[in-house]
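A.B. asks: First, the structure itself, so that you have it in front of you.
The values are calculated or read from the model by the stated rules, or taken from the named source; none is laboratory data. Keep in mind it's a predicted model, so treat the numbers as computed, not measured. Positions of Cβ are backbone-derived with ideal geometry, glycine not excepted, and every protein chain shown enters the neighbour counts. What goes into the accessible areas is simple: the full protein's heavy atoms, side chains included, and nothing from ligands, DNA or RNA. Shrake-Rupley method; radii C 1.70, N 1.55, O 1.52, S 1.80 Å.
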Amino acid sequence: MKYLKKIINILLELGNDVYTNEKLKCHVSFRIGGPVRLFVVPYSLESFVKTIKLFEGNVRILGNGTNVLPKDDFMDYNILSTEKLTEIVFEKDLLVCESGLNLKRLCLYALQHGFSGFEKAYGIPGSVGGAVYMNAGAFGWETANLVEFVDVYDGNKIRRLSKSELDFSYRNSIFKKNKGLFILRVGFKIFEGDKQKIFLEMNDIIKKRVEKQPLEFPSAGSVFKRPKENFYVGSAIEKIGLKGFNIGGAMISEKHAGFIINYNNATSKDVKDIINHVKNKIYEAYKVNLETEIEIW
Ligand SMILES: Cc1cc2nc3c(=O)[nH]c(=O)nc-3n(C[C@H](O)[C@H](O)[C@H](O)COP(=O)(O)OP(=O)(O)OC[C@H]3O[C@@H](n4cnc5c(N)ncnc54)[C@H](O)[C@@H]3O)c2cc1C
């Protein structure tokens, strides 16, 4: 107890908000998840780096929490949230964003300044750090298209990694393989565009999302990665009759079978049980192994 108090005091001095036993269900889009030991919110990149150093890298980073499924019970680890790291600046001809910046805000900022390239990211509810981590994408666009560099803290020092060092591929990057790299800032290329055209495209993208996705329920978006070209998981799940399949409070969405929704106080176990059921049924029907796109913590 004394030790915990001491750590909390150090964290406060480093420029953090600190919460003990904070439930992750309050911070993730699935609205599922039990308490964690310490939930720490740094005010600045400096505090972020110092806090990682204090914990010797033994922390989990939470961006907007839109791609994770935490456990129901107590999780014996510390979370560092990037929610307050949201600065945007120009550096030469690049737009440099702190990792906690919400993609929606980034898209609106780009619209306001007449920069095109971000339109298809509009509606992806994650942070810049989360988008780089998993090379988020939609409608044929992916984050890697615009990334020029990422500033990281590697546990020892801050380094600038160029795009060629980031190992981007479909829903993948170096950050998935190397958990000791923490994303601080991301430099994006910018292209001058026509504001009216950018606005119309963003509008169109949002309409498509509202039409096709069950945005009225908590979820973490598409649960599974596309296992191969032209294999659409949502359609495949629908074809084997699993739309609306439910366990406990979790259900395969009636609107988009690639989504599992939390429609009635679902537990992490409910969602995991559905994931395993879908994996088995898809394998039986198509001899295809599905992998999750969401991270199971
Ligand atoms: C309704 C809905 C629609 C969605 N649509 C799409 C879509 O169209 N396309 C798509 O690709 N995804 C989509 N997603 C999933 C999700 O929004 C994206 O994957 C997003 O990029 C996740 O960002 P995040 O900040 O929420 O990450 P989190 O869920 O907070 O974290 C995901 C992973 O990134 C790591 N991470 C986050 N920040 C950092 C950092 N600074 N340094 C190191 N690691 C970090 C975390 O540790 C974790 O491992 C959707 C989700 C929802 C709920």
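A.B. asks: Using the beta-carbon distance between ASN289 and ASP72 and R0 = 30 Å, what value does 1/(1 + (r/R0)^6) give for FRET efficiency, to the nearest 0.05?
C.D. replies: About 0.70, to the nearest 0.05.
A.B. asks: Starting from the 7 Å offset along Cα-to-Cβ, what nm value, one decimal, do you get for the label separation of ILE240 and ASN58?
C.D. replies: In this crude label model, ILE240 to ASN58 measures out at 4.1 nm.
A.B. asks: List the residues whose amide H sits under 5 Å from the amide H of GLU142, counting only those 5 or more places along or on another chain, with H placed 1.01 Å from N in the peptide plane.
C.D. replies: Distant-sequence amide H within range of GLU142: zero hits.
A.B. asks: Here's a follow-up. In the chain, what percent of the accessible surface is made up of carbon and sulfur (1.4 Å probe, ligands and nucleic acids excluded)?
C.D. replies: 49 percent
A.B. asks: Under a 5 Å amide H to amide H cut-off, with H placed in plane at 1.01 Å, what residues pair with PHE224 once short-range neighbours are removed?
C.D. replies: GLU293
A.B. asks: Also, I was wondering about something else. Considering only Cα-Cα distances, which of the following residue pairs are longer than 30 Å: LYS71/LYS207; LYS6/LYS163; LYS163/LYS228; LYS23/LYS104; LYS208/LYS228?
C.D. replies: Correct reply: LYS71/LYS207; LYS6/LYS163.
A.B. asks: When you count, for each residue, the other Cβ atoms within 10 Å and take the mean per peptide, how do 272-280, 189-197, 30-38, 48-56 rank with the highest first?
C.D. replies: 30-38, 48-56, 272-280, 189-197
A.B. asks: How many Å² of accessible area per residue for the chain, probe 1.4 Å?
C.D. replies: That works out to 49 Å² per residue.
A.B. asks: So, one more: Test of understanding: express the Cα radius of gyration of segment 5-137 as a ratio to 2.2 N^0.38 Å, with N the residue count.
C.D. replies: 1.12
A.B. asks: Also: Of HIS27, THR51, ILE7, which is farthest on the positive side of the dipole of segment 2-81, counting Cα position, with +1 on Lys and Arg Cβ, -1 on Asp and Glu Cβ, and the Cα centre as origin?
C.D. replies: The Cα lying farthest towards the positive end belongs to ILE7.
A.B. asks: Taking 8 Å as the Cα distance limit and 6 or more residues as the minimum spacing, I'd like the relative contact order of segment 1-92 as a percentage.
C.D. replies: Relative contact order of segment 1-92: 30 percent.
A.B. asks: Can you tell me the Rg and Dmax of segment 233-296, counting just the alpha carbons, in angstroms?
C.D. replies: For segment 233-296, the Cα-based Rg and Dmax read 10.9, 33 Å.
A.B. asks: Follow-up. For the chain, calculate the relative contact order in percent as a whole number, restricting contacts to Cα pairs under 8 Å that are 6 or more residues apart.
C.D. replies: Dividing the mean separation by the residue count of the chain yields 16 percent.
A.B. asks: Same structure again: Would you grab the residues whose amide H sits under 5 Å from the one on ILE190? Only those 5+ places off in sequence or on another chain, please, with H modelled 1.01 Å from N.
C.D. replies: Distant-sequence amide H within range of ILE190: LEU95.
A.B. asks: Now, a different point. Within segment 124-172, list the chymotrypsin sites (Phe, Trp or Tyr not before Pro) lying in a DSSP loop whose Cβ has at most 15 other Cβ atoms in a 10 Å radius.
C.D. replies: The qualifying sites are PHE139, TYR170.
A.B. asks: With +1 on the Cβ of every Lys and Arg and -1 on the Cβ of every Asp and Glu, and nothing else charged, how large is the dipole of the chain about its Cα centre, in debye rounded to the nearest 20?
C.D. replies: 480 debye
A.B. asks: Taking θ as phi - 60°, what are the ³J(HN,Hα) couplings along segment 149-157 by the Karplus curve (6.51, -1.76, 1.60), each to the nearest whole Hz, with x for Gly and Pro?
C.D. replies: 8, 10, 7, 10, 10, 9, x, 10, 8
A.B. asks: Compute the whole-percent fraction of alpha carbon pairs in the chain spaced more than 24 Å apart.
C.D. replies: Tail of the P(r) past 24 Å holds 54 percent of the pairs.
A.B. asks: If you don't mind, there's one more thing I want to ask. For the cross-link pairs LYS243/LYS281; LYS84/LYS269; LYS177/LYS272; LYS239/LYS281, which exceed 21 Å when the distance is taken from alpha carbon to alpha carbon?
C.D. replies: Over 21 Å apart, Cα to Cα: LYS84/LYS269; LYS177/LYS272.
A.B. asks: Follow-up question, since we're still on this one. Based on the alpha-carbon set only, what is the convex hull volume of segment 21-68 divided per residue, in Å³?
C.D. replies: Measuring per residue, one finds 79 Å³ for the Cα hull of segment 21-68.
A.B. asks: Now a separate question. Going 7 Å from the Cα of ASN264 along its beta-carbon direction, which residues of segment 1-43 have the amide nitrogen within less than 20 Å of the resulting point?
C.D. replies: 30-33
A.B. asks: Could I ask something else about it? Using alpha carbons only, how many angstrom separate the centre of segment 111-176 from the centre of segment 232-280?
C.D. replies: Their Cα centres are 28 Å away from one another.
A.B. asks: Using the Kirkwood formula on the Cα atoms of segment 2-81, what hydrodynamic radius do you get, in angstrom to one decimal?
C.D. replies: 12.7 Å
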